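Written below as structure tokens is the structure these notes are about.
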Amino acid sequence: DRGSSVSASDPTPCTLRVVVVGIGSEYRRDDGAGPAVADLVARGAGGVTNLGPIADPLDLLGLWDDADLAIVIDAVRTGAEPGTVRLIELSTGPSADPDDRTPSAGSSTHGIGLAGVLRLARAIGRAPRRVVVVGIEGGDFGQGEGLTPEVARAVPHAARHVTQLVMEPIGGAR
């Protein structure tokens with residue numbers, strides 16, 4: 001059963017579906033932070049599926065369907081110092097506020113916010129069980145390749161956060 005879980009003391013391999021996805025473009029400077037983190041995590045963490053990179057949160061529909069844990073990594077603009085890493089848990093339960101405007105919903109550099117995509121996935125019955133956004137404050141979203149030094153230094157830090165999320169229990173069971 002794909003949805004079953006095991007305890008930390010059980011040697012049986014975990015059957016939870018964990019996905020990571022980096023949103024952004026490596027051709028828009030710091031916008032490439034999300035895919036850089038997702039690539040780093042996917043190379044180092046077993047049992048994780050990298051769904052990206054993708055250009056727009058709407059592309060998640062059909063990719064993250066029914067995941068137990070979806071970790072979305074994206075460059076954001078919130079006014080914080082470039083390279084600042086923030087984790088935001090998006091509510092996915094039936095009691096979640098349909099008008100939720102989490103910081104990630106308004107601070108992405110993409111058209112439809114992640115909260116809107118999550119509401120849509122929930123409405124069609126395909127939402128992940130848990131969604132965590134890892135936002136990395138970008139400083140330069142102009143044309144060109146390569147992350148700014150502040151954001152490049154934040155990539156391994158963000159990857160450690162993602163790896164910790166992958167290793168922790170999901171809803172008390174893993």
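Please treat every number below as a calculation from the coordinates, not as lab data. This one's a predicted model, so the numbers in the text were calculated from it and none came from an experiment.
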- What's the extension gain from D56 to Y27 if we count 0.36 nm per residue and subtract their Cα-Cα distance? 9.0 nm
- Item | Fully extended contour minus Cα-Cα distance, from T78 to A152, at 0.36 nm per residue | 24.9 nm
- Task: Provide the per-residue ³J(HN,Hα) series for region 152-158, in order, calculated from phi with Karplus coefficients 6.51, -1.76, 1.60 and θ = phi - 60°, each as a whole number of Hz, with x at glycine and proline positions.
- Result: 4, 5, 7, 4, x, 4, 5
